[in-house]
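Readers should treat all values here as calculations from the given coordinates under stated rules, not as data from a laboratory. Keep in mind it's a predicted model, so treat the numbers as computed, not measured. Cβ placement follows ideal geometry from the backbone for every residue including glycine, while neighbour counts extend to all protein chains displayed.
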Amino acid sequence: MQINEAYLHELIDFTDMTSQQRSEVLEWRNHESVRNSSHNREIISAEDHVNFINGLKGDNTRLYFYVESDEGGIGVFSLTDITVENAVYGCYKNPDFDKKGTGTEITKLAAAYARETLGLMSLNVEVYLDNPASLRMFEKNGYKETGRTNDLVKMRLDF
Ligand SMILES: CC(C)(COP(=O)(O)OP(=O)(O)OC[C@H]1O[C@@H](n2cnc3c(N)ncnc32)[C@H](O)[C@@H]1OP(=O)(O)O)[C@@H](O)C(=O)NCCC(=O)NCCS
């Protein structure tokens, strides 16, 4: 699906990924930089990865997209706990793709999708305090702090 020509990116639903794209995503997800920012920091097996993708079929509360630009796969974003008003946002970039601003590209694209395609009013994120790149990226993209715990900050983007 071509989401918005202004961004020139393709969003590929996880359930429509090729086997090559599935493998890339598993590699990215198991990269130390991504695991260390995730709630589940364990290595994910190929079997669990396939089961996870299959479990998304027909589930309207969770969407995961592989984001492709003309330079290849640049990362992933997810919208989970989707209601008529809001969702929880998550993302990671392809750790081998070190172009600055990639996280922002993905985050802007996800916001456009959430607002224009799903008609949501806000997105929530939870960011670990030991993840300064992510905190900076969300601040830069208009997310505001709504609360925090000992180890993470809760932020929201209102449309
Ligand atoms: C979070 C993530 C998507 C950011 O991607 P990115 O391509 O670096 O994002 P951007 O370049 O758009 O923005 C990062 C900002 O943080 C800054 N930054 C990077 N490392 C930093 C650090 N150690 N301390 C402070 N700021 C830092 C960058 O300079 C940039 O800010 P600037 O544009 O003002 O210079 C990427 O690091 C990632 O995939 N991390 C693992 C998964 C993750 O943390 N996901 C977010 C939780 S939902």
Residue under evaluation GLY75, criteria (1) in a loop (DSSP other than H, G, I, E, B); (2) buried (at least 19 other Cβ atoms within 10 Å of the Cβ); (3) at positive phi, criterion not met:
(1)
Only one of (1) away from the ligand (no atom under 14 Å from the Cβ); (2) under 17 Å from ARG29 (Cα atoms); (3) of a type in the set (Gly, Ala, Ser) fails for GLY58. Which number is that?
(2)
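Every residue, every condition in (1) touching a residue at least 60 places away in the same chain (Cβ under 8 Å); (2) over 20 Å from LYS140 (Cβ atoms); (3) under 14 Å from the mean Cα position of the chain (by Cα), yes or no:
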position	(1), (2), (3)
VAL25	no, yes, yes
GLU42	no, yes, no
ASP59	no, yes, no
PHE97	no, no, no
Of the residues that sit in the stretch 96-138 and are in a loop (DSSP other than H, G, I, E, B) and more than 9 Å from the ligand (Cβ to nearest atom), which one is nearest to GLY72 (Cα to Cα)?
ASP96
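Could you pull out the residue among LYS99, LYS57, LYS93 that is among the basic types (Lys, Arg) and under 19 Å from ASN124 (Cα atoms)? Before the answer, list the steps.
Values: LYS99 fails: under 19 Å from ASN124 (Cα atoms); LYS57 fails: under 19 Å from ASN124 (Cα atoms).
Every option except LYS93 fails the conditions.
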